[in-house]
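> Could you have a look at this structure, given as C-alpha cells, before my questions?
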C-alpha cells in the first residue's frame, strides 16, 4: 500500500500454497484487486539452485505483465464484498445443524451445540453488557468486529456455560491487543497455540482446574473456554485452516490449552498480581507457545530443578516462555530462598547456546556446575527477565513444564482483568453443581 501511494506499480510474488491466504488478507483490507504472481519455491527456502529452477521464464514474464498492464475499473475502484447474513441461517435436527455448520467452515471439526436464540439468550445472562456492545472493533487477521452476541454464539457452540462469559469477553480483548500479536501467531507457519492462564477467585467459582493433569481434558471450564476462544478466533477473527492459518504441522493445543494457577499452594504471589492487578481481581493471561514439554527432573534441589528447565529450552533466541512448576517443586525452590525474580534472572543468565553460524543445531551439554558461556562465545536464549513467567499448576514432584513462545521483542504476555456482572453470585449458584463426579472403585 505504501508503494501504491507513491504511484508505483506493485504486486505480490507468493508461494502457491499461500494463494488463498493472500486473497483473504487483501480483501479484508479493502484491496480485493491486488495483483499477484504464483511461484513454486518451497516456503523459506534459501537454496539458490532450487530457487533459480522455480523462478523460471514464466514467473518473470508474469511479473512484467502484471506490473505494466493497465488497471481495470474494479482495480481502480475496489469494493468490499459485504454480505447481509440473515439472523436465522438454518433449521434442522442436531445432525443436520452440525453438518451445515461443519460444511461451511464454522466449526473446529468437533460437533457443536446449536446456537439457538434461546441458548444464546441464556449465555448472555453471563454479562451486563448489551448484545450489540462491541468488545473489539478489529479482531485479526480479517479485522472483524467482536460483539458480545458474537462471543456468546461461539460460546454456545463450544458447550460453555454462561458463567464463562466474563472470561471469554476478557479473552477476546487479549486477542485484540497488539502486544499479544494474535495477528502473527494465529496465522503463522510456526503452528503457535494460545495458552490461557486464569487467576483470581473466578477459578474456584467456575471450577477452572489446575490440579493433577491440569492441561488434560476432563473439566468443562478448561475445555470449553479454550475451545470457545478458538471458535472466536475462527469465526470472528477469520483464522481458517489452510487459508489464514498456515501452520506447517499444526498444533493439537489449539483445541484448548487452559489452566488455573494453583494460587493456594503457591509459595509466591500469583501471576496477575505480578502483572499489576490486585489480588482480589480475577484475570486471564494469554501468550502463544508453539510447543509444550514436560521434563522429568532427577534432582530435588533448586539447582537440579532449574538446570533441568534451562537445558530443555529449545535454542530459539529471544523467545518468551512459561515455566510451570507443580506445588512440590515450587516449595523446594522457595524453601531454598528462591523468588520468582531470582528464577527469572537465573534462566536469563544461564540459558545460552554456543554462538556459531549453525547455532540452532548446537548441542548443549549439561555441566556439573553451571558456568555461563562467555558473551563472546554464546547467544542468550532469553533476552530479559520479563520474558519468563512462572506459574504453579499441576501436582506431584518430579516434572517441570515448559511452554515455549514467540521470538519477537515487541511481543509479550497479555493480561486482562475480568469484569463480573452484577448478578454474579446468583449466576455462580445456578451453575455450581455442573462438575464431574467419578465412580470410585
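Coordinate-derived values only; no laboratory data. On a predicted model such as this, the values are computed, not experimentally measured, just so you know.
> Top mean-square fluctuation among 388, 134, 239, Gaussian network model of the chain, C-alpha springs under 10 Å?
The residue that fluctuates most here is 134.
> Now for a different question. Can you tell me what share of the DSSP beta bridges in the chain is antiparallel? A percent to the nearest 5 is fine. List each step's numbers first, then the result.
On the way: 27 of 40 bridges.
For the chain, the DSSP antiparallel bridge percentage is about 70.
> Take every Cα pair under 8 Å in the range 1-149 that's 6+ residues apart, average their separations, divide by the length, and report that relative contact order as a whole percent.
Numbers: 126 pairs, mean separation 26.5, N = 149.
Computed over the range 1-149, the figure is 18 percent.
> Divide by every residue of the chain the summed helix terms, -39500 (n - 2.57) for each DSSP H run of at least 4, and state the resulting mean residue ellipticity at 222 nm, rounded to the nearest 500 deg cm²/dmol. List each step's numbers first, then the result.
On the way: 17 runs with 139 residues, N = 441.
Calculated at 222 nm, the ellipticity per residue is -8500 deg cm²/dmol.
> Continuing with this model, one more query. What whole number of Å gives the distance from the Cα centroid of the range 278-349 to the Cα centroid of the range 58-116?
Using only Cα atoms to place each centre, the spacing works out to 43 Å.
> Here's another thing I want to ask about it. Could you tell me which label, among (i) -0.52, -0.75, -1.18; (ii) -0.42, -0.68, -1.22; (iii) -0.36, -0.60, -1.29, carries the value of log10 I(q)/I(0) by the Debye sum over Cα atoms at q = 0.07, 0.09, 0.13 Å⁻¹ calculated for this structure?
Here log10 I(q)/I(0) by the Debye sum over Cα atoms at q = 0.07, 0.09, 0.13 Å⁻¹ agrees with entry (ii).
> Where the centre of each part is set by its Cα atoms, how far does the range 176-199 sit from the range 228-258, in angstrom?
So the separation of the two Cα centres works out to 10 Å.
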